[in-house]
1. Starting from residues that are outside any loop (DSSP other than H, G, I, E, B) and open to solvent by 90 Å² or more (accessible area, probe 1.4 Å), keep the ones in the range 54-71 and report whichever is farthest from SER87 (Cα to Cα).
2. Which residues, counting only those in the range 174-185, are farther than 15 Å from LEU207 by Cβ and either surrounded by fewer than 13 Cβ atoms within 10 Å (Cβ to Cβ) or touching a strand residue (DSSP E or B) at 6+ places or on another chain (Cβ under 6 Å) (or both)?
3. Scan the range 86-108 for residues that are in contact with a helix residue (DSSP H, G or I) (Cβ under 6 Å, 6 or more places away or on another chain) and open to solvent by less than 10 Å² (accessible area, probe 1.4 Å) and jot them down.
4. Do the conditions hold for LEU203, that is, is it open to solvent by less than 70 Å² (accessible area, probe 1.4 Å), closer than 30 Å to GLY152 by Cα, assigned to a helix (DSSP H, G or I) and touching a His at 6+ places or on another chain (Cβ under 9 Å)?
5. Would you pick out the residues in the range 160-173 that are in contact with a Lys or Arg (Cβ under 8 Å, 6 or more places away or on another chain) and open to solvent by less than 50 Å² (accessible area, probe 1.4 Å)?
6. Across the range 108-163, what is the number of residues that are under 29 Å from GLN95 (Cα atoms), polar (S, T, N, Q) and either without any contact (Cβ under 8 Å) to a residue 40 or more places away in the chain or in contact with a strand residue (DSSP E or B) (Cβ under 9 Å, 6 or more places away or on another chain) (or both)?
7. For ARG175, which of the numbered conditions (1) within 24 Å of GLY288 (Cβ to Cβ); (2) modelled with pLDDT of 90 or more; (3) not small (Gly, Ala, Ser) fails to hold?
Amino acid sequence: MKYFPIYLDANYINAMIIGGGEVAARKIDLLLKSTTKITIMSETLNASVERLVNLHKLTWLKHNYQPGHLNNYNIVIAATDSCEVNSAVAAESSQLKLLTNVVDQPELCNYITPAIIDRAPMIIAMSSSGSAPILLRMLREQIEKTLPNGYGKLADFSFKFRDHVKARVKSIRDRRSFWEQTLRGGIGQAILDGNTIQAEQQLIASLQKQTPPPEGEIVFIHTGDGNPDNLTLNAHKEMQFADAVFYDQEVNTDIIEYIRRDASKFPQDISSSILINVQHALDLAERGEKVIYLLDGTTELPSNQALAESSIPKKHLYSGC
C-alpha cells in the first residue's frame, strides 16, 4: 500500500487551514464533522468560510501565510491558489513533522483525504491512492446505494448492548454469529425502521434463551484457480467466521485477505497434497474453534486415520473455477 489507512482521534486534532476561498471552505466543512479546533490563516475570507468562522467561532488569523505560526498545530492544510505559497507551507510543515496536505499537489502531501461515506458512528473511508478518482467515485456511489441512511443506528444499538451480549454469549465465534443474525434479521430491520423499543425487547428476549457451547469444525476449502474473485458466497462466509486458518505455499495468498482479520494463521511448509497438519487442526476444533483449511486447486486430501475417526464436524467446499 502506498498510503497507510488510519483514523485519528478527533479529540487530538488541532488544524491550521491556509487560505480563505472555496477550497478552504470544503476542507473546513469536512473537519467540522469531527472538531472545531480549526484556525484559518488568510487576509480575506469568502462568504462560505466567513459563515463557518462565525457560526462555529473558529480562530481567524487575518493575514496571508507567514512562517512561524504552525508550531502549535498537528494538521496543516494549504488551500491557496498560489503554488509558491503552498510549497512554502508544505516545506515549513514538513520540517515540523506535521500532517500536511496541499490541495491538488499530492507531491507535497504526506497524507491525503479519502473519500468518505458518513453513517456516523460508522465511517467508511476509501482511496485510490490518487491514481483513479473517477473509479473511486464510482465505488463510493455503489457502496452508498447499499447502505441505508440510518445504518449508524445499528452501530449505536450494538454498542449499547455489547457488554450484555458479551456477558451472556461467551464464545467469540458465537457472539459474531449472534450479532450477524441480530443485525441482519428482524431486530436490525426494526432499528432501521425506528422501532428501537421493539428491537431492544426482542434482543433481551433472545439473550434469555440458553446459549449452547461452541461446536468446533474443520472446513476444507478447495480454492480452484486461486482467483479471490471466484470465491463462492459459501466459502466467503465460512472464511469470515474463521477462528484459525491453515494453508500451504501453493495457495494464492491474496485469498488470505478474505479471512477474518483476527483469525490465527498457520502457514504450512509442506504441500497439503503430501501432508496436512491434522492434529493441530483437530486440537483447535476440539476447543470449539472454527478451522479453515485452504487447499490449492481441487487437491484431494491424503488419507488420514485420525481425521477419519474424529467426531469433529468436517466439510469440503469447492470454490473458484
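The values are calculated or read from the model by the stated rules, or taken from the named source; none is laboratory data. Not measured: the values here are computed from a predicted model. Using ideal geometry, Cβ is built from the backbone for each residue, glycine included, and neighbour counts are taken over all protein chains shown. Accessible surface is based on the protein model in full, side chains and every heavy atom, while ligands, DNA and RNA are left aside. Shrake-Rupley method; radii C 1.70, N 1.55, O 1.52, S 1.80 Å.
1. Ranking the qualifying residues of the range 54-71, first place goes to LEU55.
2. The answer is ARG184, and nothing else.
3. Hits for the range 86-108 are ALA90, THR100, VAL102.
4. Values: open to solvent by less than 70 Å² (accessible area, probe 1.4 Å): yes; closer than 30 Å to GLY152 by Cα: yes; assigned to a helix (DSSP H, G or I): yes; touching a His at 6+ places or on another chain (Cβ under 9 Å): yes.
Yes.
5. Those that are in contact with a Lys or Arg (Cβ under 8 Å, 6 or more places away or on another chain) and open to solvent by less than 50 Å² (accessible area, probe 1.4 Å): VAL165, VAL169, ARG173.
6. Qualifying residue count for the region: 5.
7. ARG175 satisfies all of (1) within 24 Å of GLY288 (Cβ to Cβ); (2) modelled with pLDDT of 90 or more; (3) not small (Gly, Ala, Ser) except (2).
Per-residue answers, yes or no, for (1) in contact (Cβ under 8 Å) with a residue 24 or more places away in the chain; (2) assigned to a loop (DSSP other than H, G, I, E, B); (3) of a type outside the set (Asp, Glu):
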position	(1), (2), (3)
PRO5	yes, yes, yes
ALA24	yes, no, yes
THR36	no, yes, yes
LEU45	yes, yes, yes
LEU52	yes, no, yes
